[in-house]
1. May I ask you to order 166-174, 246-254, 308-316 by the average number of other C-beta atoms within 10 Å around their residues, highest value first?
2. Cα-Cα over 30 Å: which of 34/311; 118/311; 198/324; 49/324; 40/274?
3. Under 5 Å between amide hydrogens, which residues at least 5 positions from residue 235 or on another chain qualify, with H placed 1.01 Å from N in the peptide plane?
4. Using a cut-off of 14 Å between beta-carbons, work out the net charge of the residues near residue 84 (Lys and Arg +1, Asp and Glu -1, residue 84 not included).
5. Students often get this wrong: which residues of the stretch 277-318 have the backbone nitrogen under 16 Å from the point 7 angstrom along Cα-to-C-beta of residue 50?
6. Along the principal axes of its C-alpha atoms, what lengths does the stretch 186-302 span, in descending order and rounded to whole Å?
7. Per 0.36 nm of contour for each residue apart, how much would the distance between residue 311 and residue 95 grow if the chain were fully extended, relative to their Cα-Cα spacing?
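Only the coordinates and a few stated rules stand behind these numbers; no lab work does. All figures in this text were calculated on a predicted structure; none of them were measured in a lab. Quick reminder, even Gly has a Cβ in these numbers, built from the backbone with ideal geometry, and neighbours come from all protein chains shown.
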Amino acid sequence: MVEHWWNATTECLRVAVLVFYPFIFMSEDGPPYKVTGSMKEVLDIIARKLSFCYEYVVPEDRQFGLKMTNGSWTGMIGILVRQEANVTGVVLGLDGERTSEVDFSDFLYIDQQRIVHKRPVLESDMAGFLKPYTAAVARQFKERNVECAYTFSTRGGSQQAVAGMWLVLSVIICTVYRSNLKAMLIKPRLVLPFGNLKELAESGIPCFTFRGTLLHRNIEAAEEGTTVWHLKRKLIAHNDVEGAVGDMSTGQHAMFTTYVGLLSVIHSSFVKTKTCSLYMTDDSYFGPRCLTIAFPKGSPLRQGVNPIITKLRESGILQSLFMKYAIHASTCLRSDPIKVDNILRPLQMGDVYGVCLLYVGGMMIATLTLLAEIMVT
């Protein structure tokens, strides 16, 4: 039994929280704050097991915590260092610098860093008319380009009717074939803006990350000339979660943050739109890293919380609570971002530019050929 977990002058534990999808969803009109998410359920389990109540504390700067040049700390780490909270209600990335100032629990999750961006849409491809003309098709035309002629004469009304029907069917078949060929010639294209961190840096697309996180620190401290260093030219850093997700969903920037957080973003996007409108890069960066909850240095509360966290993790309860808020992400991750099936798209002028150029080019060549023949004769 762990005793004296909180200050005797207060009745409930003070829990530091920040918005971190899918662990903590929090209203901005507090205090009191309305909090939901998987870590809210974990906190309730721990509170029942250890028989305590708790109240929320939100850092004014809305940061997780970075060390300043004067040795002080921002965000939730700063709150713990100053003894203004008893524990964090949201998971934090564990690293050596933070460990020297606060205590961490056993790990709850293993995380890594990924990049998410708006999934590309179909667009016009002016060079599409060249795609059917492959080397194999050219060889077949050369081998089978045999000129033939066929004449026939009809006798009687019945033969004329059959011949007329045959001609009508020929026109229909030729028209359908020509239409299908045009549809292939104006087939749109789908191109991913980037597939990894290096391509993102070269693309010039702005990149967002949350201010005050370990990832933000690593980007700012990157050595000159490295791929991560190039991100700083287009880096956007703040802590407006909803605003960042909204801007990323409309393609204004990419989002570079924790894998577990991005799973929740993809899930929420699918719930709202019923489509997989986002895609995630396959490569991971700055990981793997343990996600834990933090306590003030020397806090006895850690001794009571650790066994509970271990049981929740080993029994699969932590993973089950997490997947409640990210279940649809797996559906989108299994889909190919450059494959679009059964998508209706209105025809645009850009789709027929290539075909028009082909027709115009053919007529110009024919005209030049005619003029050349006239001049020669």
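1. Going by the mean number of other Cβ atoms within 10 Å, highest first, we get 246-254, 308-316, 166-174.
2. Working: 34/311 27 Å; 118/311 38 Å; 198/324 33 Å; 49/324 22 Å; 40/274 27 Å.
The pairs that break the limit, which is 30 Å between Cα atoms, are 118/311; 198/324.
3. The list, which skips near neighbours in sequence, is 207.
4. Net of charged neighbours comes to -1.
5. 292-313
6. Between the extreme Cα coordinates on each principal axis of the stretch 186-302 lie 69, 40, 24 Å.
7. 75.4 nm
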